[in-house]
Each structure stands twice: as C-alpha cells, then as structure tokens.
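Report on one structure; see the data block that follows.
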C-alpha cells in the first residue's frame, strides 16, 4: 500500500460513548474498526511487511514434494497480523516447476457462534493461507521462501549451503524480517589460574571486546555482553555462554575444578584459554600453554588448526587467520580450536587492552584483535543457542 491508500484506510473520526447510547451491531463494529485500522497503520508503516518471528520453512526428511511452515508471526503488506500457531504441512505437488515462491497471506473466517444459543455472539476467527506459485499472488502476502524446482517431480530438500542454495533446495535468502531486532544477552566469566590475577588486565581487555560486540549487528542479531570477573572454577558455570580462563606459569586444576569445567563443556559451554605474559617473562606464558594442553588432554579435547571458513574466522568479521597476539609465541598459530575449546597462545587479551610486549601495537592490530574477539563472543553464543 502506498501513502494515499493508507490515508484513505484510516478512519478520521471515532465514536465517543455517552450514557444511554444504543450500542447496535453497527455501532460496535464502527468503534472497533477505528482501533483495528490504527493497529494496521502501526504495523504496516511502523514495522513494515515481513516476518516478525519464526515462520521457518523446512523440507521433509526424507525429501519429497512437501515443505513445512513452522509457527511464527508476520505482518502482511496491508498491516494485517498473521499468526501461525502450529506447524503446517504443504504439499507443492507435481504440477509446478521453475522458480517458485512460498507465500503466507492473511484471512478471516465467516462469523460463527460458538454455541447454539439464541443471540449468542458471533466470532470471526483469524486465518491464514499458503500459496506456492511463480510471481506474486493477487492476495497480499509475505514471501517465506523460494524454490528453483528442476522438474515437476523434483524432490525438495534443505539447502546444503544456505548462502548459495541449489536446484530443488529451499532458498531462505529473500525472507524479509521486520520489527525490533532481538538483543542476545551473552554472559562471560573470567577465571584466573597459576600466577594470573586481576592485575593481568584481561577484565579491561574483555570489557573492550564486550563493548565492540554489543555494537555489532552480526548475522543473527545484536549482542549485549555482561562480564563477571574473578569467577571461581566451581559449580554455577552453566549460566555463562563463555568461560575465559587466564593462565600464567605452570598450574593444575583441583579435581572439583576439573569436574566443573568438564560439566560446563558437556553442557554446551565454550572455554577460551588465554596464556598471558603481562607482568612476567614469555617463558611464563609458554608454561601456561603447556599446562592448558595437559588439562585438555585430561579432558579428552583434541586441538586442531582453524580452517578457512570456520565460524571463528568468518562471523561477524572475516579473517584469513587468527590475528597475532601481544607477543609472538613458539606455537606458530595464535589460536587452536577443539569445538568447545579455544586455546589462545599469543596473549590476545593484552592486545585487547592496546598493549603489546616490548612495543606499541598499531591501531590496525588492536582493531583486528577486537574484531576477532567479537567472533569469539558470537561463536560462544551460537554454540549455547545451537544456531
């Protein structure tokens, strides 16, 4: 709808009730129409047409001609609120091919009484329709997905690479999201082992990362990062999306601490292990790396190099490799990955504070380190939320 259509649709007057007035069906309808039309104006112009939440489209398993529309809420081009409360099965059938679009539209059932009593109120139930076709339908709707179907018998499947869906795969790239973006609360705990302490400054460094991550609009949504410093490695870790263990020198965890960290990892948590050299020589940081490796071996965690395309190197910021830390370590790589564990061997935590051992880091080096820290936050949140 353009501005002229919106202006014509919105009532310019409303009923002002007075004692003794006759509330007929016509009066009742006019009074409520005023509010319904203003709600349409708010949704249509304030939010726009698109998906508010949910309404994912997935394929059948094993693939066939069926797709499933999951529960969710959307706003159509006329500002009508569409609510899908239960999963819906839609069979595209064998009569369609080419580039097809899945549309969701608003509908309203014929007013009916919920009882057979004389004079009982009538209810008009909100409904929705689903249509799969090429081009746009006559009824205003929301596009939920596209499918480039090779033949009328083509079996539909989920996209292997969502950014580049292939033939007969569900294409979700053209979905339009509206409404206020969700803010994801990410809680981070900092714990210290060995000679490491608050004086390492990792709290300040991670605070800088948190500020940067909170401003980032990533692939999913915004982040608000909360940091708890000096958290004991004991029970209660499950409430944190990311656990940062800062180590200096040689150390060993107690059996209760080992059990707590293991339970945290098993529960979907992510651990960033940081070897810090600030306030000590680099041998101390190397000893911490060795202790971290011994700890990981005990936990049964195997580390490997980060490969190109890994989420830690691509979301929300793209990297060819992990930025160098505050000092050049003997490990070669600045970080290693073990699915639930990230071992940082170059002291990125100090670089997050704008510090580098024996030299001053450049603005680009600090920015790269902070951006990779944002990737770590995003990675931990995604693992916790299973996205």
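The values are calculated or read from the model by the stated rules, or taken from the named source; none is laboratory data. Please read these numbers as outputs of a predicted model, since none were measured by experiment. Here the Cβ positions follow ideal geometry from the backbone for every residue, glycine too, while neighbour counts run over all protein chains shown.
Points worth noting:
- Among the candidates 340, 304, 368, residue that is closer than 17 Å to residue 208 by Cα and at pLDDT 90 or above: 368
- With a requirement of 3 or more residues that are at pLDDT 90 or above and more than 29 Å from the chain's Cα centre (by Cα), the strands (runs of 3 or more DSSP E) lying completely within segment 106-219 that satisfy it span 183-194.
- Contact map, segment 61-88: first residue in the same structural domain as residue 151 (by TED's automatic domain parsing), second residue in a loop (DSSP other than H, G, I, E, B) and surrounded by 22 or more Cβ atoms within 10 Å (Cβ to Cβ), Cβ cut-off under 7 Å, separation 6 or more or different chains; pairs are 69/55; 70/55; 72/55; 74/55; 82/76; 84/55.
- Residue count for segment 234-246, restricted to those that are surrounded by 15 or more Cβ atoms within 10 Å (Cβ to Cβ) and at pLDDT below 90: 0
- Lone unmet requirement of (1) more than 30 Å from residue 237 (Cα to Cα); (2) surrounded by 18 or more Cβ atoms within 10 Å (Cβ to Cβ); (3) touching a residue at least 40 places away in the same chain (Cβ under 8 Å) for residue 148: (2)
- Residue that is surrounded by the most Cβ atoms within 10 Å (Cβ to Cβ) [pool: residues in segment 247-273 that are within 21 Å of the chain's Cα centre (by Cα) and not in a helix (DSSP H, G or I)]: 271
- Exclusive hit being within 21 Å of residue 136 (Cα to Cα), in a helix (DSSP H, G or I) and under 26 Å from the mean Cα position of the chain (by Cα), set 74, 44: 44
- Condition met for residue 178 (touching a helix residue (DSSP H, G or I) at 6+ places or on another chain (Cβ under 6 Å), within 30 Å of residue 46 (Cα to Cα) and either assigned by TED's automatic domain parsing to the domain that holds residue 349 or surrounded by 13 or more Cβ atoms within 10 Å (Cβ to Cβ) (or both)): yes
- Matching residues, segment 48-78, being within 30 Å of residue 10 (Cβ to Cβ) and surrounded by 15 or more Cβ atoms within 10 Å (Cβ to Cβ): 49, 50, 51, 52, 55, 72, 73, 74, 75, 76, 77, 78
- Candidates 328, 318 - the one that is in a loop (DSSP other than H, G, I, E, B), within 19 Å of residue 364 (Cα to Cα), modelled with pLDDT under 90 and out of contact with any helix residue (DSSP H, G or I) (no Cβ under 8 Å at 6 or more places or on another chain): 328
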